[in-house]
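In what follows, a structure is listed as structure tokens, so that the remarks can point back to it.
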Amino acid sequence: MLLSQIRGMKVVSATDAVSLATVTGIVIDSAPAARVAAICLTKNSSLGPYLDWDAVQAVGHDAVIAHGAKTPRPGDERMTRLAALSHDLPGRRVLTDRGEPAGTVKDIAFDPETGLITRIHLTADDIPGDRLIAVGSYALMIRTG
């Protein structure tokens with residue numbers, strides 16, 4: 001699944017198929033392994049700004065299904081910080097752990113079952129997701145090949 005594909009999807013409850021919100025992005029946590037920690041929701045969602053990845057039952061072609069008992073929650077301080085760093089990933093610079101430019105983010109692929117980041121699509125190349133070290137406000141940092 002690509003970040004560009006999940007944006008705009010409806011989030012629906014697994015228990016009654018009621019639409020809860022719309023996906024606006026993903027929150028990436030790079031420790032201990034790069035993965036989707038949460039899904040960012042529309043600001044007008046009365047359920048909170050994020051849906052924890054653990055509350056995702058499935059990601060389909062046109063909707064994200066959330067466990068009925070687990071609904072979006074207000075973001076804690078750490079989630080709020082990670083969300084701010086994960087905002088607007090396409091177009092962000094990518095640097096190696098040596099400080100060398102590696103490209104610009106075009107899209108990010110993740111496993112829809114586990115949330116693990118599988119690939120980072122750059123404008124000129126693709127790199128494995130397990131090379132992602134950190135997401136910063138200026139750039140993503142990757143391990144040198």
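The values are calculated or read from the model by the stated rules, or taken from the named source; none is laboratory data. Keep in mind that this is a model prediction, so the values were computed, not measured. Here the Cβ positions follow ideal geometry from the backbone for every residue, glycine too, while neighbour counts run over all protein chains shown. All accessible areas refer to the heavy atoms of the entire protein, side chains included, with ligands and DNA or RNA removed. Shrake-Rupley method; radii C 1.70, N 1.55, O 1.52, S 1.80 Å.
Side notes on the structure shown:
- Under the criterion of Cα pairs below 8 Å and six or more residues apart, the relative contact order for the stretch 53-145 equals 22 percent.
- With the simple spin-label model, which puts each label point 7 Å out from Cα in the Cβ direction, the His67 to Thr104 separation comes to 4.0 nm.
- Sequence-distant residues sharing a close amide H with Ala66 (under 5 Å, placed H): Val12, Ser13, Ala14, Gln57
- Spacing of the modelled spin labels on His87 and Thr42, each 7 Å from Cα toward Cβ, amounts to 1.9 nm.
- Above 23 Å, the calculated P(r) of the chain contains 31 percent of its Cα-Cα pairs.
- Rolling a 1.4 Å probe over the protein heavy atoms leaves Thr123 with an accessible area of roughly 100 Å².
- Between Gln5 and Thr144, the C-beta separation translates, for a Förster distance of 35 Å, into a calculated FRET efficiency of about 0.75.
- With Cα atoms, 0 to 90° folded angle of helix 77-86 axis to the chain main axis: 60
- Taking amide H atoms as placed 1.01 Å from N in the peptide plane, the amide H of Ala134 lies under 5 Å from those of Met141, each 5 or more residues away in sequence or on another chain.
- Estimated at the nearest 10 Å², the accessible area of Leu2 is 50 Å² with a 1.4 Å probe.
- In a fully extended conformation the segment linking Ala17 and Asp54 would gain 11.5 nm over its present Cα-Cα distance, using 0.36 nm per residue.
- Amide hydrogen neighbours beyond the local backbone of Ile108, cut-off 5 Å, H modeled: Leu3, Ser4, His121
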